[in-house]
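Colleague: Right, I'll just put the structure down here and ask away after.
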Amino acid sequence: MSFEPFILSFKLASLTAFILFCISLPLAWYLSQTRSRIKPFLEALTALPMVLPPSVLGFYILWALSYNSPLGAFFENTLGVKLVFSFTGLVIASCFYSLPFMVQPLQNGFETLNKNMLEASYIAGKSKFTTLFRVALPNMKPALITAIIITFAHTVGEFGVVLMVGGSIPGETKVASVAIYEMVEIMDYKSAHIYSAIMLGISFVVLLSVYIFNAHHNKRFGL
């Protein structure tokens, strides 16, 4: 039994969570503070991967990253990087389909903060950047932890988009979910059971950790 698909899945999930945190933090902060008319449009666009069938989302990402698209052609001709059926392409695709799982918890966390606390920071002459990192983030740890862990777990468990964009290249794009699919196809149910049980255990532990952390935080602060 090879653990390479799990290692690849965790590597993909870690990179995706890190990249999405950097992208989603300013986006979620903006969405929580703005009253612009484009806010509903941005929220709908951000949440789109949650409702789109993986085949639809995967198809458009596959087309966007392929050599026939301007983006794919630029990367391959200029940078020598092939996006389709590569780990790099998987990371890009993962950032698209896991985006709402990072943005929404962060946005909800920002929106539930005490507005007086933020106003006091502004009155004290603190910039929005300082207020975000020195005031907002330290006071929304449950939302922060939830966003990172759920994004990580969702990326580990994704199948449809990963298979369409990355295929199944051992050591490159063959993540755990794809490996399980192939085991079922060849009727290797014993290995499929083992891989699935590991995935089930990981998912349960991840969710349990989030709920335990949030429960302890709420109890500590009397929420």
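The values are calculated or read from the model by the stated rules, or taken from the named source; none is laboratory data. Predicted, not measured: the structure shown is a model, and the values here were computed from it. Positions of Cβ are backbone-derived with ideal geometry, glycine not excepted, and every protein chain shown enters the neighbour counts.
Colleague: Count, please, the residues in the range 154-179 that happen to be part of a helix (DSSP H, G or I) and either among the hydroxyl-bearing types (Ser, Thr, Tyr) or within 19 Å of the chain's Cα centre (by Cα) (or both).
Modeller: Pass one, the range 154-179, residues part of a helix (DSSP H, G or I): 154-157, 160-166, 176-179.
After this cut, where a residue has to be either among the hydroxyl-bearing types (Ser, Thr, Tyr) or within 19 Å of the chain's Cα centre (by Cα) (or both) as well, the list is 154-157, 160-166, 176-178.
Qualifying residue count, the range 154-179: 14.
Colleague: Please state which one of Phe133, Phe159 is surrounded by fewer than 16 Cβ atoms within 10 Å (Cβ to Cβ) and within 30 Å of Ile180 (Cα to Cα).
Modeller: Matching residue, one of Phe133, Phe159: Phe159.
Colleague: Right, next: Just to verify a result, which residue in the range 1-29, among those that are aromatic (Phe, Trp, Tyr) and modelled with pLDDT of 95 or more, is farthest from Leu118 (Cα to Cα)? Step through it out loud before you land on a result.
Modeller: First, the residues of the range 1-29 that are aromatic (Phe, Trp, Tyr): 3, 6, 10, 18, 21, 29.
This time we only want the ones that are modelled with pLDDT of 95 or more, so: 18, 21.
Values: Phe18: 26, Phe21: 21 Å.
Step by step, filter the range 1-29, then rank; the result is Phe18.
Colleague: Regarding Ser203, is this residue in contact (Cβ under 8 Å) with a residue 60 or more places away in the chain, surrounded by 13 or more Cβ atoms within 10 Å (Cβ to Cβ) and either more than 22 Å from Pro54 (Cα to Cα) or polar (S, T, N, Q) (or both)? Lay out the reasoning, then the answer.
Modeller: On the way: in contact (Cβ under 8 Å) with a residue 60 or more places away in the chain: no; surrounded by 13 or more Cβ atoms within 10 Å (Cβ to Cβ): yes; either more than 22 Å from Pro54 (Cα to Cα) or polar (S, T, N, Q) (or both): yes.
No: the conditions fail for Ser203.
Colleague: Quick one: which residue in Tyr122, Tyr60 is farther than 28 Å from Lys11 by Cα and either in contact with a Phe, Trp or Tyr (Cβ under 8 Å, 6 or more places away or on another chain) or among the hydroxyl-bearing types (Ser, Thr, Tyr) (or both)? Step through it out loud before you land on a result.
Modeller: Values: Tyr60 fails: farther than 28 Å from Lys11 by Cα.
Matching residue, one of Tyr122, Tyr60: Tyr122.
Colleague: Now, a different point. Could you figure out which of (1) assigned to a helix (DSSP H, G or I); (2) farther than 22 Å from Val156 by Cβ; (3) not β-branched (Val, Ile, Thr) isn't true of Ser14?
Modeller: (2)
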